[in-house]
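I have placed the structure first, in the form of structure tokens, so that the comments after it can refer back to it.
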Amino acid sequence: MRLFVYIAYKGTNYHGWQFQNNAQSVQQEITESLQILLKNKGLSILGSGRTDAGVHARQQVFHVDVPDGTEVENLMYRLNGIMNNDIVVNHIEIVSNKAHARFDAISRSYEYHVRLKRTPFMENEYYYHRNPLDFEAMNKGAQCLLGEQDFESFSKVKTDVTNFVCLITRAEWVTEGPNAIFYISANRFLRSMVRSIVGTLLEVGEGKIEPVEVKKIIKKKDRKCAGRSVPPQGLYLCKVEYPTFKNS
């Protein structure tokens, strides 16, 4: 029986989602907990995608195969009871044995949180930016990202990916008092893509480059032409969407 498990986690104390040889990951924490509960040392899980060290998730999804007849509600209760408090299971559903948490996902949405005024609270959950920003210009630059394009300029240099084409359906900044959030949705994302996009748009906001330069950066397909990759603590994976037929 295959399950889709919807979780949230604070990534501060983890070296990302993916298994690591010498550091604790979210995937490892969940896998080991499930192996204990289901008495299956060979059990494995597969997530919708990886997040880097320090990155958070309001909604991450993974699939796991469990014995037929497993009580879903009881499993969620027991799993939340055994895992560290910075990982929480919010929902579990039974899906088709062919459903795939990564390959069946049709959309992913991220948020990047920027704080414009210093505060002693929640320092690992946002990025503090001290310089004034022109959010109107930043949103003009963000509009250049929309549509299906090659985003190699915003991809991590050392990667095994050969296809850099993504379809971005939303890219905009929203401000509220001392807080600013960048919302971005796409069918897929490249390694460090959101963080390098945010770094580039911050340069737009500071007046270092014009909004139209974003389009030129995309066309150059060169990571050195884009802005720096901003710190991970402001980034959140917020939603993973699937077709309605996944449990048919």
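Taking only alpha carbon atoms, region 2-103 gives an Rg to Rh ratio of 0.93, where Rh is the Kirkwood radius. For region 128-141, the Karplus equation 6.51 cos²θ - 1.76 cosθ + 1.60, evaluated at θ = phi - 60°, returns couplings of 7, 10, 7, 7, x, 10, 9, 6, 5, 5, 5, 6, 5, x Hz by residue, with Gly and Pro reported as x. Taken over region 171-248, the percentage of Cα pairs per 10 Å bin, counting from 0 up to the bin with the maximum distance, is 15, 45, 27, 10, 3, 0. Our summary of shape: the Cα atoms of the chain have principal axis extents of 58, 41, 33 Å, ordered from largest down, in whole angstrom.
Within the shell defined by Cβ-Cβ distances under 11 Å, the residues around ASP52 carry a net charge of +4, with Lys and Arg each +1 and Asp and Glu each -1. Note on region 107-239: Cα convex hull, mean projected area over all directions, 7.6 nm².
FRET efficiency for the pair TYR128 and LYS156, taken as 1/(1 + (r/R0)^6) with r the Cβ-Cβ distance and R0 = 22 Å, rounds to 0.40.
Take the Cα of ILE94, go 7 Å toward its beta carbon, and the backbone nitrogen atoms of region 35-67 under 18 Å from that spot belong to 63-67. Just so you know, the Cα atoms of region 26-161 work out to an Rg and Dmax of 19.4, 57 Å.
The HN-Hα couplings worked out from phi for region 214-223 by the Karplus form 6.51 cos²θ - 1.76 cosθ + 1.60 (θ = phi - 60°) are 4, 4, 5, 4, 4, 5, 6, 6, 9, 4 Hz, whole numbers, x standing for Gly and Pro.
The modelled label-to-label distance for the pair PHE121/LYS219, using points 7 Å beyond Cα in the direction of Cβ, is 4.7 nm.
Since every read-out is calculated from the coordinates, none of them should be taken as a lab result. What you see is a predicted model, and the numbers here were worked out from it, not measured in a lab. All Cβ positions, even for glycine, are placed from backbone atoms using ideal geometry, and neighbour counts span all protein chains on display.
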